[in-house]
Every structure is written in structure tokens, then in C-alpha cells.
Amino acid sequence: MASSLAVSIAGLHAEWSDRRLAEHLTGAVLPLFAKQHALPAWAAPVAIQIRKSSAVFKCVFGSKAFAIKILGPHRFDRYRTISEFNKLLDLRLKDPAQKSMAVPRPVSVIPDMAVIATEWVDGPTLEFFIKSAGQERRLAAFGAALRWLRKFHAIAEPQARKFRPRSVLKHFDVARARHRQHVPFADNRFQIAAEELQRLAQEFEGTSVPWPLLHYDANCRNFIFDGKRVFGFDFRNDVRGDPLQDYARLLVEADLQVPAAERVKSDWLIDKSLLSCMVKNLDKAEAGHLMPRLRIHLLSRGLLKYFGLIKLPPSEDKAELVERLLSVLEAVATREATLSPAAA
């Protein structure tokens, strides 16, 4: 791909593939970025993640390393790119010492290429701590990520909304329709969870819930923990909703990664220590109507995760994760639990 700024971003996104991204990155983005910042030649970029929403590369210029993020096709918009970059600046200003809500330092934005560059933050992700660090360090990292989310939820003026079932059910309905021809829905546990989600959402309609800004992609790969503080990244900058959406997503993702031999199952078959840690880290405003809200968002997030897992190639790991997830979904759908911020 040509290195000119006249590169067609529409043409790039016509084939959102590793090859096209690599050509765009090395042929257009990096030459411009290096020129803007008077940087030396770069080493071969390393792809960190490539998804529909964005692609992230580690790019090293001499002794300096950066994370280069290219927004995906459905998110490409020069104003959205600028807005995401400005959100990083805003978060740095709100926490100058970078102790409670650390984010990577924003370096540069190239709106016409949908590119955001930040400093590279070295350190293990939360995923590493959940999978490999043992319970004490696992809970320390998980709790730190939860506190980061709680701080993030509080950065904008608080709002409250009446709960509307459609706010939760629309993503599930779209995903079920999209996967109808490919995903087996015959497992009774799936049906039980789907029906209970519908029932709970309708029953909870009209109840007032907190409505802050959300991270909206709170998975274990989007937090880095250096032992003292957490860096959060890859968040959306314009989505509001129930904060339990973020917490439930992180809990579902983390629970699936705890080694089977180390899991102590709660009544919901979710790892008991992770569930307790999450509940204890909620503030009073977030914890209202905790049981129905948490069940709604655990079911919603778990069902969406099921669609993602079922598409993976067959393997023993996939079979174990699907079985674990379906068992959790059935337990959340059919069992009550006593949970409170003070005692879990």
C-alpha cells in the first residue's frame, strides 16, 4: 500500500485483514508518526490484538516503544478518533499522579487514518494474574481492576435512568439471530438462561438504576497490573449504562480463566473469591437492587460469551469452557444468593 496520506481508508477497511493492516501500518502510519516525532527507524511491529473494533500494535523506535491503535471499520470517523484521544488526555488530567485511574500517556492522534498512539506500558495483564499468579495475587489484581472501573464510572456527572429491558436484550437478540444457523441452541441450560434473562429484564422494567459512563470492553486483557497500580485502556468514551455491565463482564471473563483446580465454587458456580471481591468493591450507589441487576447482567454477558466460544475450533479447552459457562448460566438463572457489599 502506498505511503501517501492519500491512502484510502475506505479501501483499507474493505478488507480488514492482517496483511492489509500491516501494509497500512508500515507504509503509511509509521512513516508519518516517525516524521512527526523525529524518531529513528522502527523495528518490526508486533500485533497485540486485531478485532473488528480496533487493531493494536507495539511499535519500537530505538529505545522508545508505543502502542499504535487503528480504529476498526464501523468505528472509523475522524471526530471519534479525536474524541477517544481527548478522553485519554482528560483522564490524565483527572488523576495527575496516575495512582487510582492510570491510563497510558497519549502521544499522538492522526484523525484521517483513525490512529491513536500512546506510550507502551510494560507489565502483565490481568489475564496473567487470573490464570497463573495464585489466589492472593489474583485477587489483588482483580480488586485493583474493579477499583479502577469504579473510579472510571465516577468521572462524569452521575445520572439515573429507568431500566428498560431493550437496553440489555438487544445485544442478545442480535447475536442469537446472527448465529442461528451456526450455534446449537438445543442445550437445555442455554434455553433456561435465555428465558430467565427475558423474564428478569421485563420484571425489572422501570426500576431506577445508576447510569454512568462505561468502559464497555472490561475484559482481562484491557488491564495491566504492575503490582501497585492498574492501567486501564481500550475503553469507549461515549457509552453510558448500568455499571454492573462492566463488573459482570469482567467477572465472567475472569471466572473462565481461573484454573479448574483452584476454583472454589459459589452457589452460582462462579469462583467464590472473585464473586466476593466484586461485591465488596461496589460502592453504595452501585449496589442498589443488587441481586436482580447482577443476575441480569451475568446472564446477558454469559450468553454473549457463549456465542463467542462456540465459534472457536473444536478442542478440549473449548469443550471445558463451554461446559463451565453453561453450568454457571444455569446456576445464575435458577438460584438465588445472598450478596451485599459488606458481606459476600
Is the C-alpha gyration tensor of segment 173-314 telling us rounded, prolate or oblate? Criteria: a/c under 1.5 is rounded; beyond that, a/b larger than b/c is prolate, otherwise oblate. rounded
Flagged links, alpha-carbon separation over 19 Å, of Lys151/Lys228; Lys52/Lys151; Lys131/Lys272; Lys170/Lys305: Lys52/Lys151
Around Leu214, which amide H atoms from residues at least 5 apart in sequence, or from another chain, sit under 5 Å from its own amide H, with H modelled in the peptide plane? Val239, Arg240, Gly241
Could you give the nm distance between label points at Ala34 and Thr334, where each point is 7 Å from its Cα heading toward the beta carbon? 6.1
Taking DSSP loops as anything outside H, G, I, E and B, show the longest stretch in the chain free of GluC sites (Glu not before Pro) there with at most 13 other beta carbons within 10 Å. 16-204
Would you list Lys318, Lys170 from fewest to most Cβ contacts within 10 Å? Lys170, Lys318
Stretched fully, the stretch from Ala43 through Val60 gains (0.36 nm per residue minus C-alpha distance, one decimal, in nm) 5.6 nm
Please list, in order along segment 283-296, the HN-Hα scalar couplings obtained from phi with the Karplus expression 6.51 cos²θ - 1.76 cosθ + 1.60 (θ = phi - 60°), rounded to whole Hz, x for Gly and Pro. 8, 4, 5, 6, 8, x, 6, 4, 4, x, 5, 5, 5, 4
What order do you get for Met278, Met101 when you list them from fewest to most C-beta neighbours inside 10 Å? Met101, Met278
Can you give me the P(r) profile for segment 43-107? Cα pairs, bins 10 angstrom wide beginning at 0, each as a whole percent. 19, 39, 37, 4
Cut-off under 5 Å, modelled amide H: who pairs with Ala65 long-range: Trp120
Take Ser315, Ser100, Ser54 and order them by how many other Cβ atoms sit within 10 Å, fewest up front. Ser315, Ser100, Ser54
Kindly state, as a whole number, the per residue volume in cubic angstrom of the convex hull around the alpha carbon atoms of segment 100-148. 96
Tell me the trypsin sites (Lys or Arg not before Pro) within segment 191-238 that lie in a loop according to DSSP and have at most 14 other beta-carbon atoms within 10 Å. Lys228
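Each value in this text was obtained by applying a stated rule to the coordinates, not by laboratory testing. Source: prediction; values computed, not measured. All Cβ positions, even for glycine, are placed from backbone atoms using ideal geometry, and neighbour counts span all protein chains on display.
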